[in-house]
Amino acid sequence: MTVAAPAAPLVDAAGTEELPPPRRRVGSGAAAVLGLVPFAAYLLIFLALPTIVTVASGFVDADGSFTLSNVAALADPVIVQTFANSAWLSALTAAGGALIGALACYAMAGLPATGRTRRLVDAASGVLAQFGGVMLAFAFIATIGLQGLVTLTLKDRFGIDLFAEGAWIYALPGLILPYLFFQVPLMVITFMPAMGALRPQWAEANLTLGGTRTGFWRHIGIPVLAPSFLASLLLLFANAFSSYATAAALASQGSQIVPLQIRTALTSETLLGRENLAGALALGMIVVMAVTMSLYALVQRRAARWQR
Amino acid sequence: MNARGFAPHPAVRWAIGLVVIVLFAIPIVSMAEYTLRDATTGGHSLVHWFDLFDPAKAGTYRPIWTGLGNSLVLAVVTVAIVLLLLAPTMVLVELRFPKLKRPFEFLALLPISIPAIVLVVGLAPIYLVIGRTIGTGIWPLAFAYGVTVLPFAYRAIQAAIDATELRTLAEAARSLGAGWPAVLLQVFAPNLRTGLLAASLISVAVVLGEFTIASLLNRQNLQTALVVVGKQDPYASVILSLLALAFAFVLLVVIGRIGGGTPRARRTGRTARTAPAPTRPPKDQP
């Protein structure tokens, strides 16, 4: 113990950031605080102010006086239906994306993280998860649009008319496939690190104790991965819920989901006979996003237990 | 069970892999096939690719080149905001205000939780004021883009800061007589270059793909131009979407190389290798 004692403070000094460093001056104190001002001002004007304006505009009428009529409009059947559509689309594509993405992660389980396959998949997932928006809409117009490759092939070779019941690609169901196209890669990006936290030793221990492969997944794999899966699911939901560009480029008419309803409210003067409805709709979106992301943070904290 | 314990059977691995790859290849192959269609012969040719540079059709495609130019300006200004405003502030917080690190992280990751479509409602009146005072040029839009890229840029730079002993470097440089500008430019910048480069590339990728804010504030960028032109000539828009996809893939491969390729990143392991690649918000957000 006497030998170890002098070494202990050294370990502390290296291991913690709390100890005062020998020389911590970066100019004078006032100058350092002044250095924070430009960025703080920037965030204030372009992050805090727009958020406050958005929320506040939901409570203001055309003359600038306080009103609850906009927020009350959130209970209008049309608006409720829009939120239901958004929630339904987001939940469906989040669940589908999470399942397919998790399967893809399972297929890569045990591959070295620095290997060629993993690197390629990482890069491809990164691109495709970013690939939302206008370009994705054009990809699907070329695929399952009225003149798309898949549409024409099905019609000419197999006599199947994709659009026998109308051009659904430009309506709500048409968004499901494009959304999956960015949900699955996002799942791979977020879920793969959790998969990597599964230790081969656990499988060995399971084997030594007479367990089977199915037993490993039932008693170890799935319980350990469940919180991460749920966290990713919530993130995917938030991702789909806040997505605008793909829908805007595909569905040029109608406002089936909340972001498109906000577009209509912003570009046309009145919607449902009310001004400033965009603010109320945005407020509704903020509430949904806040709930989803808070749940995500909670579950993620639980999930982080297994990922050092 | 094999050596890795829980790894799937190779046949299962390949079956899942093939199905997923085919499903994701279909839209991309469809895009390529679509751009090669030739209406006059009913077959395939490069006619739509050549049309892009046909002077007779320049009028139709002009919005695309204007939009591309605007998007490049926005990318440059946004990168400037990241490198000249965000990065120095992060260094300052690291050195002088360690207690602010958690709140700063919360603020930096906040834009992930605020959809662009929501932000734009509040940005509209602000840009009305900007339009009256600074003018209706394209570049002020980069201020809004600086906020949308903030989470990604923050992660990339913070990973580099965490992997570097900034304080020790600063003390060494100061004791050798360097002034603070020299410390920032000649000591910190080279040491943080992987993070700064990754942050810049991600910012470029995000800005080139941005549609929501530009469209609803009535500004023209690459994506809004694709929609406008796509209504008259969808072939041109599909060609440019395909090119943008290829460009984004190259950018991200470069980011991956930067993250995993330098000795520093390899030595410091996990954080440095995984962090520069988050094109999307993976973990621990607000």
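Per-structure values
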quantity	calculated
For the range B:1-158: relative contact order, % (alpha-carbon pairs under 8 angstrom, 6 or more apart)	22 percent
Value of relative contact order over chain A, rounded to a whole percent, pairs C-alpha under 8 Å and six or more apart	28 percent
Per-residue ³J(HN,Hα) for the range B:24-34, Karplus 6.51 cos²θ - 1.76 cosθ + 1.60, θ = phi - 60°, Hz, x for Gly and Pro	7, 7, 3, x, 6, 4, 4, 4, 4, 4, 4
Charge dipole of the range A:98-210 about the Cα centre (unit charges at C-beta), most positive-ward option of A:L186, A:L162, A:L111	A:L111
CD proxy at 222 nm, helix term only [per DSSP H run n ≥ 4: -39500 (n - 2.57); per residue of chain A; nearest 500]	-21000 deg cm²/dmol
Debye, to nearest 20: dipole size of the protein assembly as shown, +1 on Lys, Arg Cβ, -1 on Asp, Glu Cβ	2040 debye
Options A:T67, A:T54, A:A91, ranked by Cα towards positive dipole end of the range A:54-175, top entry (Cβ charges)	A:A91
Cβ-based charge dipole, the range A:75-306, positive-most Cα from A:S125, A:N239, A:P259	A:S125
Residue-averaged beta-carbon neighbours from other chains (10 angstrom radius) around B:246-254	4
Buried area at the A-B interface (accessible, heavy atoms, 1.4 Å probe, summed, Å²)	8000 Å²
Accessible area per residue, Å², the protein assembly as shown with all protein chains present, probe 1.4 Å	46 Å²
Per-residue mean of C-beta atoms belonging to partner chains within 10 Å, peptide B:6-14	5
Shielding score for B:225-233, defined as the mean number of other chain Cβ atoms within 10 Å	2
Rg/Rh for the range A:75-306, where both radii come from Cα atoms and Rh is the Kirkwood radius	1.05
Residues with amide H under 5 Å from that of A:V60, placed H, sequence gap 5 or more	A:T67
Pairwise centroid distance, computed over Cα atoms, of the range B:35-75 with the range B:97-115, Å	42 Å
Relative contact order %, chain B, counting alpha carbon pairs below 8 Å whose residues are six or more apart	27 percent
Long-range amide H partners of A:L162 with built H, under 5 Å	none
In sequence order, calculated HN-Hα J values of the range A:71-85 (Karplus, 6.51, -1.76, 1.60; Hz; x Gly/Pro)	5, 4, 5, 4, 8, 4, x, 4, 5, 4, 4, 4, 5, 5, 4
Chain B: calculated mean residue ellipticity at 222 nm from DSSP helix runs of at least 4, using -39500 (n - 2.57)	-22000 deg cm²/dmol
Inter-centroid distance (Cα atoms) of the range A:232-257 relative to the range A:157-178, Å	18 Å
Tally of Lys pairs whose C-alpha atoms are under 25 Å apart, taken over the protein assembly as shown, 8 or more apart or cross-chain	4
Residue-by-residue Karplus 3J(HN,Hα) for the range A:89-97, coefficients 6.51, -1.76, 1.60, Hz, glycine and proline x	4, 5, 5, 5, 6, 5, 5, x, x
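The values are calculated or read from the model by the stated rules, or taken from the named source; none is laboratory data. What you see is a predicted model, and the numbers here were worked out from it, not measured in a lab. Note that we place each Cβ from the backbone using ideal geometry, even for glycine, and neighbour counts take in every protein chain shown. All accessible areas refer to the heavy atoms of the entire protein, side chains included, with ligands and DNA or RNA removed. Shrake-Rupley method; radii C 1.70, N 1.55, O 1.52, S 1.80 Å.
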